[in-house]
Each structure stands twice: as structure tokens, then as C-alpha cells.
Amino acid sequence: MGGHDAGSQHQFTGFAKYFNAYTITGRRNCVLATYATIATLVLYFKLKPKKKAVTAS
Amino acid sequence: MALNFFDQFMSPTYLGIPLIALALSLPWVLFPTPSSRWLNNRLLTLQGWFINRFTQQMLLPLNLGGHKWAVLLTSMMIFLVTLKMLGLLPYTFTPTTQLSLNMGFAVPLWLATVVIGLRNQPTVALGHLLPEGTPVVLIPFLIIVETFSLLIRPLALGVRLTANLTAGHLLIQLIATAAFVLLPMMPTVAILTATVLFLLTLLEVAVAMIQAYVFVLLLTLYLQENT
């Protein structure tokens, strides 16, 4: 397996410094962000109040 | 009574006692215990040589932290090879055709490698879920795919072992039945079928050893990723 990228040859700035596909921490943060997004979506749809059906009287 | 080719895979019981426990403990009695003598006999020497050579080969890709797994991996390999070899004998039951047994091996060992990785080096373990150099657009998709491939590993390990052995045993029984049935009707064809059966049996011996090796090798590779 290839060695881990120490990130010394990549000079990222701003957002890319923390979220990129080259450094190990960047990859870790991308993974955690993806998991957090999926968890948020699941929780949102689970906890969303269901609309009650309006019956005609 | 119709012949059911899958009867050979039913877990045998006798008076309510599951005999699979006996089948699983049989390899233990077949191997001699190393003695305290300076010079052992040929069998012990051969056994010791094989175990040492195999352990050395298995531990090549692992760093020092992974060497703790030497006993577990070597004993797993010897156990699986012995079970499969015994299962190739006529009228014997092969415990490794049971998915429950193979999953019982695969899931805890795979989970141990994952937990070790998350505990000792969480950044690297999580970082492995995204291949290096992935285009930005593909990042979420690839993370989901890699997570799924990680979670499918124990299932693949167990099912690979089960399916290979089940298919092999089934083929042997089918071709043996064909040879037996053809013998009074077409002896020449029956002899050809018996030749095919002989070659298939040799193949199954090789497959049995290779599948055990692949199981242990994959565990070694998963461990290498996480140590």
C-alpha cells in the first residue's frame, strides 16, 4: 500500500487546508463531514413532523 | 426416497447431540503436541517447520504491532486446512460448509481489525475511506462506496469460504453419482466421468488449502491497514 501523504508538497489554504483528498487529515475530515451530512439528513427525515391528512367533512 | 444432494450439508445430530462439536474438535487430536526433547521425530519436525515457515510468511507484511496475531492466524490456518481436508474424505461432514461457522470466524476477526485501527490510529483508519487524489465531485460518492466495501468484508470472507466448499462438494457428489449410474449402461463414459471425478478431487484438495490461505491472508491485509 502506498505511504501516507505527509502533505508537505501540497500547500493548501483556506477551506482546502482542512478538506482535501491529498493529506491524511484532509481525507479524514472529508469522511467525517460526509458521515455528519448523512446522519443529519437521516435525523431530519426521521424527526420531521408528518402532515396530518385533512379529511373533508 | 428421493436423493437430496444437499443432505450432506445438514448439521448432523445424534440423539439430540450436535455432532458438529465432535467434527470441530477432531483436528485438535490429530496433531502431536511438541515435546520437550532436543531432537523430535520426523512428524513433529515437519509440523514445526511448516508452522514456522507459514508464520514467517504471514507476518511479512505486518509491523511489530501485528505480530501479536501470529498465534491466532497460524492456528486459524491449520484449523481450516485440517477441517477441509477431513471433509473431503467420503461420508464425512465439513463444518466449514456452514455459513454460521464461517461468519463466526469472519465477523469477530474483521471487527477486531477495524476496532484496533480506530483505537490506535483513528485518523489513518478514517482517511483510508477516501482514496488519495479523488476528484472533488466524487468525494462523497467514493466515501459511501468505500464504507460499504468495508462493511461487506466479513460477509465476503464468510460466504467465499462457504460457497467454494459447498460448490466443490456438490460437484463431487454430482459427478460421482453420474459415474455410478453410467457404469452398467455405458462403461466407457463412466470411466471418463471417473477420470473427471479424480481430477476434480485433486482440484478440491487445492481449493481447500487455497481458500483457507486466502481467508487468513485477507485478515492479515486488513490488519496491515489498521496497525
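Okay, residues lined up against (1) in a helix (DSSP H, G or I); (2) in contact with a Phe, Trp or Tyr (Cβ under 8 Å, 6 or more places away or on another chain); (3) not charged (D, E, K, R):
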site: B:Gly48; (1), (2), (3): yes, no, yes
site: B:Leu62; (1), (2), (3): no, yes, yes
site: B:Lys68; (1), (2), (3): yes, no, no
site: B:Tyr91; (1), (2), (3): no, no, yes
site: B:Ser100; (1), (2), (3): yes, no, yes
**Request:** Please name all residue pairs, on different chains or six or more residues apart, with Cβ atoms under 9 Å, provided the first residue is in the stretch B:71-95 and is among the basic types (Lys, Arg) and the second residue is assigned to a loop (DSSP other than H, G, I, E, B).
**Result:** B:Lys84/B:Thr94
**Asked** Within the bounds of the stretch B:13-21, is there any residue that is within 25 Å of B:Leu217 (Cα to Cα), surrounded by 14 or more Cβ atoms within 10 Å (Cβ to Cβ) and not aromatic (Phe, Trp, Tyr)?
**Response** no
**Request:** Would you mind telling me which numbered condition in (1) closer than 28 Å to B:Thr166 by Cα; (2) assigned to a helix (DSSP H, G or I); (3) within 18 Å of the chain's Cα centre (by Cα) B:Leu22 fails?
**Result:** (3)
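Look through the stretch A:23-51, keep the residues that are in a helix (DSSP H, G or I) and among the charged types (D, E, K, R), and return whichever of them is farthest from the other protein chains (Cβ to nearest Cβ). Can you show your working first?
Initial filter on the stretch A:23-51 (in a helix (DSSP H, G or I)): A:24-47.
Filter again for among the charged types (D, E, K, R), leaving A:27-28, A:46.
On the way: A:Arg27: 4, A:Arg28: 4, A:Lys46: 19 Å.
Among residues in the stretch A:23-51 that are in a helix (DSSP H, G or I) and among the charged types (D, E, K, R), the one farthest from the other protein chains (Cβ to nearest Cβ) is A:Lys46.
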**Message:** Can you tell me which of (1) surrounded by 12 or more Cβ atoms within 10 Å (Cβ to Cβ); (2) of a type outside the set (Asp, Glu); (3) not in a helix (DSSP H, G or I) is the one B:Trp38 doesn't meet?
**Reply:** (1)
**Request:** Test B:Phe141 against the criterion of being in a helix (DSSP H, G or I), within 14 Å of chain A (Cβ to nearest Cβ) and aromatic (Phe, Trp, Tyr), and give yes or no.
**Result:** yes
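Taken together, the values in this text are just the output of simple stated rules run on the coordinates, not laboratory data. Keep in mind that this is a model prediction, so the values were computed, not measured. All Cβ positions, even for glycine, are placed from backbone atoms using ideal geometry, and neighbour counts span all protein chains on display.
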